[in-house]
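A.B. asks: My questions all concern the structure below.
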Amino acid sequence: MHVYKSYDKNYILRDLSFNIYKGEFVFITGPSGAGKTTTMKMVIAMEKPTHGQINVFNEDISAIHPKQIPFLRRKIGFVFQDFKLLINRTVFQNVALGLEISGVSGSIIAKNVADILKAVELYQKRDEYPLSLSGGEQQRVAIARALVQNPSVLIADEPTGNLDFETASIIIDILKSFNNKGTTMIIATHDKTLIELGRARVIDITKN
Amino acid sequence: MISQKINYLNNYIKIAFLNIKSNIAGNIFALSIMSFSFFIMLFFMLSYINIYNYMFSFEKNNTMIIFLKNSEITRSNGARHSNKIVAANIINKIKKFKGVKKVDYYSNKLSYKFMLKHTPSIRTILAKIKPSYFPRIIKIYFKPDYISKIYMSNIYLRLKSMRHIKFVYYSKLMEDKINQFVFFTKMLGFIILLFLFTSSVFVSYSAIKLIILRKQNDIEILKLIGATNNYIKIPMYIESAIGSVIAFILSLILLSAIFNIFIYYKFNKFLSFFKINIIFLNGFDIFLIFFIALLSGFLGTYFSSRKFF
């Protein structure tokens, strides 16, 4: 609520306020440089607002203790435009990361990762390394990694920014299917075609 | 809760081995430098305990030799002061000292015979000398439990103050030299240990820092998906501990091999001539260096990761 963010007295965000409710599918939009990525980063406590308050799960995360940040991030899946996969780990190992970090046992990891890889149609490629996959496949791995912990919220920053239209629509379909299962989806994009594909609530940060 | 901790531990070990695998060349380099450092540490420890052992055994076998004055006097009243009686009196007094094990007396004749027996090469020269010119000696043996620097000094002073004693000799000088040498070795060893310990910390620091720099992107990703600092740091500690343990084992094997090959097979006879018994490191010494090895790895990791987390 009433969030301001500045870098060296240069305000990126001014008085930004919006609410997103449980189970929603929302697009955060605005032109390049409008502060979409900064907004997303503030939601997972990568950045702190200069002024204002950000409530996630009814908790003010602008005042969160640094030691609590990892535990907040485990409840929020995050998908990046540049995928952010570990190139020296296989698809399976990349997806398993989130569960390993939470201290889940090997047998549960094996089952959950297999299930999610089947859902994003990458089970056959579980032993391959990210660099041998296409951009769309890498993004699906990133989505699988974000969703394998069964987070309440998934945030995706330009998830289709590097992908062609056909691959982008596959990604949106995957995100929609998980949204139908109850995961709140927050997608930051400036791509109007994607917004049309998604047919969901749009928050234009330049107007909020 | 316990099963979760076991899962974490499994992951930490798995990540540590992944890190080692991903930087095999750097790790081998670090391992060889650390092995060398630990080898030098172990070598100095080995040298020190052997010097100490030698000094200790030398000290415990220390004897004292008393040279008696000639007391053969016949007084004007006809009374005779016999050497034999004087020696017997002194021996009786010495025997009353605490810690004296045995006292041997060598008269002029016995000293002469002793010389003849033990120095056959100068027998012709000795034959020309009268036995009465040889000294009368009392040799004192001590109980090892009593022997100490202070005890020997006390005995020395008490004997020196006695009448009819020319001078008292024991290996005080030698003992002092050994003490000085042990002190010097101890100080040198300590300085070298400190230097090698610092270099081991630095090697470990560099190896882990290199990993952190190379994996900065991976670390960022791990943090974004909810990894705690400990989740990232603990595998690094495990990695450095594995490195330290392997380096320590290698250095111990190397030292043991050198000890057995050169000392035992080649120099044992030579050293036994000087009554020097070479011993290998005991469990405590090995554990001490092992602890130093682990500590250096731990500190290296601590200093390198402190900047980043």
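The values are calculated or read from the model by the stated rules, or taken from the named source; none is laboratory data. Everything numeric here is computed off the predicted structure, so don't read it as measured data. Please note: Cβ atoms are built from the backbone with ideal geometry, for glycine as well, and neighbour counts cover all protein chains shown. Heavy atoms of the whole protein, side chains included, go into the accessibility calculation; ligands, DNA and RNA do not. Shrake-Rupley method; radii C 1.70, N 1.55, O 1.52, S 1.80 Å.
A.B. asks: Say we look at the range B:76-108 and pick out the residues that are part of a helix (DSSP H, G or I) and under 12 Å from residue B:139 (Cα atoms); which of these is modelled with the lowest pLDDT?
C.D. replies: Ranking the qualifying residues of the range B:76-108, first place goes to B:87.
A.B. asks: Hey, another quick one. Take residue A:86 and tell me if it is more than 14 Å from chain B (Cβ to nearest Cβ) and in contact (Cβ under 8 Å) with a residue 12 or more places away in the chain.
C.D. replies: So residue A:86 fails the test.
A.B. asks: Can you find a residue in the range B:112-125 that is under 13 Å from residue B:64 (Cα atoms) and in a loop (DSSP other than H, G, I, E, B)?
C.D. replies: No; the residues of the range B:112-125 include none that is under 13 Å from residue B:64 (Cα atoms) and in a loop (DSSP other than H, G, I, E, B).
A.B. asks: Look through the range A:110-130, keep the residues that are outside any loop (DSSP other than H, G, I, E, B) and under 16 Å from residue A:151 (Cβ atoms), and return whichever of them is most open to solvent (accessible area, probe 1.4 Å).
C.D. replies: A:115
A.B. asks: I would also like to ask the following. If I filter the range A:74-91 down to residues being under 19 Å from the mean Cα position of the chain (by Cα) and open to solvent by 30 Å² or more (accessible area, probe 1.4 Å), which single residue comes out as farthest from residue B:216 (Cα to Cα)?
C.D. replies: In this case the residue turns out to be A:75.
A.B. asks: Hey, another quick one. What tally of residues in the range B:184-226 results from selecting those that are within 12 Å of chain A (Cβ to nearest Cβ) and in contact (Cβ under 8 Å) with a residue 60 or more places away in the chain?
C.D. replies: Total satisfying the criteria: 3.
A.B. asks: Another question, then. Given the options B:142, B:183, B:190, B:202, name the one that is under 37 Å from the mean Cα position of the chain (by Cα), open to solvent by 30 Å² or more (accessible area, probe 1.4 Å) and modelled with pLDDT of 85 or more.
C.D. replies: B:202
A.B. asks: May I pose another question? What are the residues in the range A:131-156 that are in a helix (DSSP H, G or I), among the polar types (S, T, N, Q) and touching a Lys or Arg at 6+ places or on another chain (Cβ under 9 Å), if any?
C.D. replies: Matches in the range A:131-156: A:132 only.
A.B. asks: Suppose the filter is among the aliphatic types (A, V, I, L, M), in the same structural domain as residue B:19 (by TED's automatic domain parsing) and more than 19 Å from the chain's Cα centre (by Cα); does residue B:219 pass it?
C.D. replies: Taking the combined requirement at face value, the residue satisfies it.
A.B. asks: From the set of residues in the range B:1-17 that are of a type in the set (A, V, I, L, M), at pLDDT 80 or above and open to solvent by 40 Å² or more (accessible area, probe 1.4 Å), which is nearest to the chain's Cα centre (by Cα)?
C.D. replies: B:13
A.B. asks: Do any residues in the range A:97-115 that are more than 7 Å from chain B (Cβ to nearest Cβ) and within 13 Å of residue B:231 (Cβ to Cβ) have Cβ atoms under 8 Å from those of residues that are part of a helix (DSSP H, G or I) and open to solvent by 40 Å² or more (accessible area, probe 1.4 Å), where the two are at least six apart or on different chains, and which pairs are they?
C.D. replies: Correct list of pairs: A:99/A:108; A:99/A:112.
A.B. asks: Please find, within the range A:52-73, the residue that is nearest to the chain's Cα centre (by Cα) out of those that are within 12 Å of chain B (Cβ to nearest Cβ) and of a type in the set (D, E, K, R).
C.D. replies: Taking the candidates together, the pick is A:73.
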